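Student: Before I ask anything, here is the structure I am working with.
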Amino acid sequence: MSKALLPGSTIGILGSGQLGRMLAMAAARLGFRCHVYGDAPGPAFDVSVKSTVGSYEDAAAIRAFAESVAVVTYEFENVPLAAVSAAGLSAPLRPGAKALEIAQDRLVEKTFITDLGIAVAPFAAVSSPADFKTALAITGGKAILKTRRFGYDGKGQARIAKGTDLADAFAALGTDAAILEGFVPFDFEVSVLVARGVTGELAFYDIPINTHRDGILDTSSVPSPLGLDHAARAREIAGAIAEALDYTGVLAVEMFYAAREGAEALMVNEIAPRVHNSGHWTIDACAVSQFENHIRAVAGWPLGPTVRHSDAVMQNLIGDDVDAWPRLAAEPSAGLHLYGKNEARPGRKMGHITRLRPRADVPKSG
Ligand code: AMP
């Protein structure tokens, strides 16, 4: 505990969204203060003692921000590397820049994961329509074309099938830096939320099954239908990635599961070097949430228990779903979380609700 931050210390968060908000709320529970830096005011500003609006490209402003805090963390992965590195000169940066560098580029990310001996969908770089022939030979005809950088919630993607006009699909991406991925006929999607402390200890949450609506996460539920062996393999994969990144904090690893004879049933889709939407249920269903464990890790504290006391279904409130808040607030066994955003635009994450039930199985410790 010698290098642990003292309660009362200030934690710097890059990014002002709802993830930053829930991080700051978890930090407050442990007696920390938060200073949030964002390129616009956001949900995290409302719950932090200090907030700064500045460009993520402004290395000097980010450095000044880092000088005002005891440690810097981030709540989204598209912070420019240069800015993050500037912050790292003035305060410990946790997780480090390596995780960002890898997660920011799907081609680098998939290469990194493959090099660890972990399965991903077949993939190939595409930087002009001329590359499609070779790429399709690797991926097969049913594929997904994705931008290498800045994709989220299914944005910057095009489905490729027989008859798709490849040149049009490529032009629609609006960038030359693309990756073609083979379409994975998965049975379902899961994500592993792993916390890694400064001294390298790992703590895993139960693995949720995730469903999507219009490319956006809709629900995350625990328990998932993943069998014990596959769950153990999924944890092993996520742990290996966290180790290889020398990671500090909570890391999310999204995976596809498909029952396959004699082949790896789990394939990594992508990693998120931050707390993750598919872990929001941990606030209501665990003694220590993913947000608190991220704060504990970056503060050099021992990790808290990840054991789940209830079965849970987290549902995102997207756009005008949030208008149902009076009814949702009246539900007897649910935790309602609203992010304080003013305008309920379509596709915008406005809040979430976690519905709890007593655990159907006998709780195990761990
Ligand atoms: P991503 O932005 O990579 O997380 O993709 C968003 C969603 O698209 C995923 O959660 C999957 O449902 C689907 N998806 C992405 N890549 C693939 C793939 N290679 N094969 C099948 N479905 C995919």
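The values are calculated or read from the model by the stated rules, or taken from the named source; none is laboratory data. Note that the coordinates shown come from a computational prediction; the quantities given were computed from them, not determined experimentally. FYI the Cβ positions are ideal-geometry reconstructions off the backbone, even for glycines, and counts take in every protein chain you see. We work out accessible area using only protein heavy atoms, side chains counted, and drop any ligands, DNA or RNA first. Shrake-Rupley method; radii C 1.70, N 1.55, O 1.52, S 1.80 Å.
Student: In what order, largest first, do Asp320, Asp58 sit by accessible area if the probe radius is 1.4 Å?
Tutor: On the way: Asp320 105, Asp58 65 Å².
Correct descending sequence by accessible area is Asp320, Asp58.
Student: Leaving ligands and nucleic acids out of the surface, order Thr164, Thr199 by accessible area at 1.4 Å, largest first.
Tutor: Result, largest first: Thr199, Thr164.
Student: Another question, then. Across all directions of projection, what mean area in square nanometres is found for the Cα convex hull of the stretch 12-140? Show your work: numbers first, answer last.
Tutor: On the way: hull surface 39.9 nm².
For the stretch 12-140, the mean projected area of the Cα convex hull comes to 10.0 nm².
Student: Working with all protein chains in place, sort Trp325, Trp281, Trp301 by solvent-accessible area computed with a 1.4 Å probe, largest first. Present the calculation step by step, with values, prior to reporting the outcome.
Tutor: Details: Trp325 135, Trp281 0, Trp301 45 Å².
Reading off the accessible areas and sorting them downward yields Trp325, Trp301, Trp281.
Student: If you take the Cα atoms of the stretch 134-180, find Rg, then find the Kirkwood Rh from the mean of 1/r over all pairs, what is Rg/Rh? Intermediate results must be reported in sequence, preceding the final value.
Tutor: Values: Rg = 10.1 Å, Rh = 10.8 Å.
Result: Rg/Rh = 0.93.
Student: Per residue, what volume in Å³ does the convex hull of the Cα atoms of the chain enclose?
Tutor: Working: hull volume 51.7 nm³, N = 366.
So the per-residue Cα hull volume is 141 Å³.
Student: Keeping the other protein chains in place, figure out the carbon and sulfur percent of the accessible area of the stretch 10-93, with a 1.4 Å probe.
Tutor: Numbers: 1650 of 3110 Å².
Reported share for carbon and sulfur atoms: 53 percent.
Student: Where in the stretch 29-91 are there GluC sites (Glu not before Pro) that are in a DSSP coil and have at most 13 other Cβ atoms within 10 angstrom of their Cβ?
Tutor: Answer by residue number: Glu57.
Student: Quick one: 3J(HN,Hα) in Hz for the stretch 106-121, Karplus 6.51/-1.76/1.60 with θ = phi - 60°, rounded, Gly and Pro as x.
Tutor: 4, 6, 5, 4, 5, 5, 4, 5, 4, 5, 7, x, 9, 6, 9, 4
Student: Leaving out ligands and nucleic acids, and using a 1.4 Å probe, what accessible area per residue does the stretch 250-344 come to in Å²?
Tutor: Numbers: 3270 Å² over 95 residues.
About 34 Å² of surface per residue is accessible.
Student: What net charge is computed for the residues neighbouring Trp281, neighbours being all others with C-beta under 10 Å from the C-beta of Trp281, Lys and Arg scored +1, Asp and Glu -1? Present the calculation step by step, with values, prior to reporting the outcome.
Tutor: On the way: positive: Arg308, Arg355; negative: Asp206, Asp284, Asp311.
Counting the neighbours of Trp281, the net charge comes to -1.
Student: Quick one: pull the percent of accessible area on the stretch 188-358 belonging to carbon and sulfur, 1.4 Å probe, ligands and nucleic acids left out. Write down the numbers at each step before the final one.
Tutor: Working: 3300 of 6360 Å².
C and S atoms contribute 52 percent here.
Student: So, one more: Given the pairs Lys50/Lys349; Lys3/Lys341; Lys155/Lys341, which are separated by over 29 angstrom at their Cα positions? Spell out each step's value before the answer.
Tutor: Working: Lys50/Lys349 24 Å; Lys3/Lys341 37 Å; Lys155/Lys341 21 Å.
Cα-Cα > 29 Å for Lys3/Lys341; rest within.
Student: Can you work out ³J(HN,Hα) from phi for every residue in the stretch 211-228, in order, using Karplus 6.51 cos²θ - 1.76 cosθ + 1.60 and θ = phi - 60°, giving whole Hz and x for Gly and Pro?
Tutor: Residue by residue, the stretch 211-228 yields 10, 10, 10, 6, x, 10, 3, 9, 9, 10, 10, 10, x, 9, x, 4, x, 4 Hz.
Student: Which value results for Rg/Rh of the stretch 188-358 when Rg is the Cα radius of gyration and Rh the Kirkwood radius based on the inverse mean 1/r? Present the calculation step by step, with values, prior to reporting the outcome.
Tutor: Numbers: Rg = 16.2 Å, Rh = 16.6 Å.
Taking Rh as the inverse mean 1/r over Cα pairs, Rg/Rh reads 0.98.
Student: Convex hull over the Cα atoms of the stretch 294-348, averaged projected area in nm²?
Tutor: Values: hull surface 23.0 nm².
Its average projected convex-hull area is 5.8 nm².
Student: Related question: Pick from Ala125, Ala70, Ala167 the residue whose mean-square fluctuation is largest in a GNM of the chain, springs joining Cα atoms under 10 Å.
Tutor: Its mean-square fluctuation being the largest, the pick is Ala167.
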